[in-house]
Amino acid sequence: MVDRLANSEANTRRINIVENCFGAAGQPLTIPGRVLIGEGVLTKLCRKKPKARQFFLFNDILVYGNIVIQKKKYNKQHIIPLENVTIDSIKDEGDLRNGWLIKTPTKSFAVYAATATEKSEWMNHINKCVTDLLSKSGKTPSNEHAAVWVPDSEATVCMRCQKAKFTPVNRRHHCRKCGFVVCGPCSEKRFLLPSQSSKPVRICDFCYDLLSTGDMATCQPTRSDSYSQSLKSPLNDVSDDDDDDDDSSD
Ligand SMILES: [Zn+2]
Ligand SMILES: [Zn+2]
């Protein structure tokens with residue numbers, strides 16, 4: 001069924017429409033063999049709060065963006081190669097229901113569907129696409145994933161020292177290894193996590209100790225401790241105070 005659609009005019013037309021909705025700022029999405037499997041609005045758990053995002057599942061990529069005008073205009077396009085994706089169901093909790101984690105080496109986050117049926121449809125389709133891709137390429141599923149960030153609202157004090165209270169001045173930071181919300185003094189160090197960035201990234205003291213002694217199973221070797229040590233000055237780190245969250249600007 002999928003292969004038949006791949007060659008159909010209807011598929012090409014649908015992909016064109018998606019491409020046009022993102023406008024010039026989006027990437028070209030039409031490539032031979034690409035099929036649009038499905039689309040819909042999911043609630044993405046962002047750093048500040050859950051937000052509605054439009055998602056498009058293709059047979060090889062997952063695309064999402066902010067909704068400017070429903071079904072007409074989207075922006076802030078993100079493209080995730082499905083080959084690197086692993087998904088995990090999340091238990092319902094309060095208002096956050098029908099959710100699952102989308103985990104990739106560079107970024108991991110939670111999304112929620114409106115109904116349990118939608119959730120299982122999304123999860124089944126994503127899993128099928130990933131399985132098909134991996135069986136075609138002969139690759140093994142990626143087992144290194146970026147931490148899912150704990151939302152800001154879940155921490156009023158630092159999750160490491162349990163002392164520092166967050167205020168507009170004493171800001172929240174995220175450890176790139178464990179995803180905890182931590183204070184500045186508890187996350188002064190940097191460590192090279194090559195799957196996330198070519199530059200050393202912010203990590204909390206707890207993860208730094210684990211990583212630098214090699215106790216962490218998924219530890220990535222860094223060139224040397226002194227390399228990351230030399231970058232730990234809080235003064236040169238103002239630029240990533242926003243934790244590079246792509247959703248923080250809206
Ligand atoms: Zn702290
Ligand atoms: Zn950490």
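FYI, it's all coordinate maths here, none of it is from the lab. The shown structure was predicted, so the numbers you read here are calculated from the model rather than taken from an experiment. Cβ coordinates were reconstructed from backbone atoms using ideal geometry, including for glycine residues, and neighbour counts include every protein chain displayed.
Below is a table of values for the structure above.
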{"read-out": "Residue exposure sequence - VAL182, VAL150, VAL169 - by fewest surrounding Cβ within 10 Å", "value": "VAL169, VAL150, VAL182"}
{"read-out": "Computed lengthening from ILE31 to SER120, 0.36 nm per intervening residue step minus Cα-Cα distance", "value": "29.3 nm"}
{"read-out": "Taking SER108, SER153, SER195 and counting other C-beta atoms within 10 Å, the order from fewest to most", "value": "SER153, SER195, SER108"}
{"read-out": "Rounded, prolate or oblate (a/c below 1.5 giving rounded, otherwise prolate when a/b exceeds b/c) for region 50-193 by Cα gyration tensor", "value": "prolate"}
{"read-out": "For CYS178, CYS183, order by how many other beta-carbon atoms lie within 10 Å, fewest first", "value": "CYS178, CYS183"}
